[in-house]
Amino acid sequence: MRVVGGIYKGRVLNSFRGNEVRPTADMVRESLFNILQFNIAGKVFLDLFCGTGAVGIEALSRGAEKVVFNDLNKSSIELTKSNLNKLGINEKVQVVNQNALTYLNNTTEKFDLIYVDPPYKEGIYLQTIELAKGILKEGGLIIVEDEKPFNEQIKGLEIVDKRKYGRVHLTFLKGE
């Protein structure tokens, strides 16, 4: 797994062995950040279910002002910290080890971009997005990664784009 663009382009990231954590594939991250390319610099980014930290690191590599990495899994947090250390990233980041819903309920921070990629089988997408909407800056984006199309209508959010990459679906919801 590599950083696909920006100042850390080509740098190799550590990943999990086995199938316990499903990192966002390089191709999906590259496509995601090609879509977001003019909306990253100077923005505050939340990688809500960070896993390896690859999505948030990609945002930093492409000029994000700050990235918050959150995950409940302690192994994910340790791997994210390891990847940040490997790249020498110690500024513009915050690493949080909390349940995503708890984090969303308790944070006072506001975000321009929120990446939502929970374990597919947990079924917490709607609840997560409803809470994330409350910490989204005006005109910000929530990006949802899922194994099936996300078609729910959520008051205060508009689906502005949908993409499919193999079995992965990305849905872009814009705050009104």
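Taken together, the values in this text are just the output of simple stated rules run on the coordinates, not laboratory data. Since the model is a prediction, treat every value here as computed from it, not as a measurement. Ideal geometry is used to build each Cβ from the backbone, glycine not excepted, and the neighbour counts take in all protein chains shown.
Could you give the length gained by full extension between residue 174 and residue 2, i.e. 0.36 nm per residue of separation minus their alpha carbon distance, to one decimal place? Walk me through the intermediate numbers first.
Numbers: separation 172, 0.36 × 172 = 61.92 nm, distance 2.82 nm.
Extending this stretch completely gives an extra 59.1 nm.
A simple spin-label model places pseudo-atoms 7 Å from Cα toward Cβ; at residue 98 and residue 121 they are separated by 2.7 nm. For GluC sites (Glu not before Pro), the sites in region 123-175 that DSSP calls loop and that have at most 14 other Cβ atoms within 10 Å are 147, 152. Take the Cβ-Cβ distance between residue 15 and residue 41 as r, set R0 to 35 Å, and report the resulting FRET efficiency rounded to the nearest 0.05. For R0 = 35 Å, the calculated efficiency reads 0.85.
Computed over the chain, the percent of Cα pairs more than 24 Å apart is 28. Comparing 72, 42, 28 along the charge dipole axis of region 1-91, the residue lying farthest to the positive side is 28, per the Cβ-charge model. Modelled label positions at residue 106 and residue 155, each set 7 Å beyond Cα in the direction of Cβ, lie 2.8 nm from each other.
Given Cβ point charges of +1 (Lys, Arg) and -1 (Asp, Glu) and nothing else, what value in debye, to the nearest 20, does the dipole of the chain about its Cα centre take? So the dipole magnitude of the chain works out to roughly 440 debye.
Within straight-line reach of residue 162, meaning a Cα separation under 26 Å, sit the following lysines at least 8 residues removed in sequence or on another chain: 9, 43, 66, 110, 121, 133, 137, 148, 174. Helical content of the chain, expressed as a calculated mean residue ellipticity at 222 nm, amounts to -8000 deg cm²/dmol (DSSP H runs of 4 or more residues, -39,500 (n - 2.57) each, divided by residue number, nearest 500).
Determine the gain in length on full extension of the stretch residue 26-residue 167; use 0.36 nm per residue of separation and subtract their C-alpha separation, reporting nm with one decimal.
On the way: separation 141, 0.36 × 141 = 50.76 nm, distance 1.38 nm.
Using 0.36 nm per residue and subtracting the Cα-Cα distance, I get 49.4 nm.
For trypsin sites (Lys or Arg not before Pro), the sites in region 140-174 that DSSP calls loop and that have at most 12 other Cβ atoms within 10 Å are 155, 167.
Report the antiparallel proportion of the DSSP beta bridges in region 6-175 as a percent, rounded to a multiple of 5. Intermediate results must be reported in sequence, preceding the final value.
Working: 14 of 30 bridges.
DSSP beta bridges in region 6-175 are roughly 45 percent antiparallel.
Computed about its Cα centre, the charge dipole of region 36-75 is approximately 60 debye, with only Lys, Arg, Asp and Glu carrying charge at their Cβ.
Kindly rank 111-119, 81-89 from highest to lowest mean number of other beta carbons found within 10 Å of each residue.
111-119, 81-89
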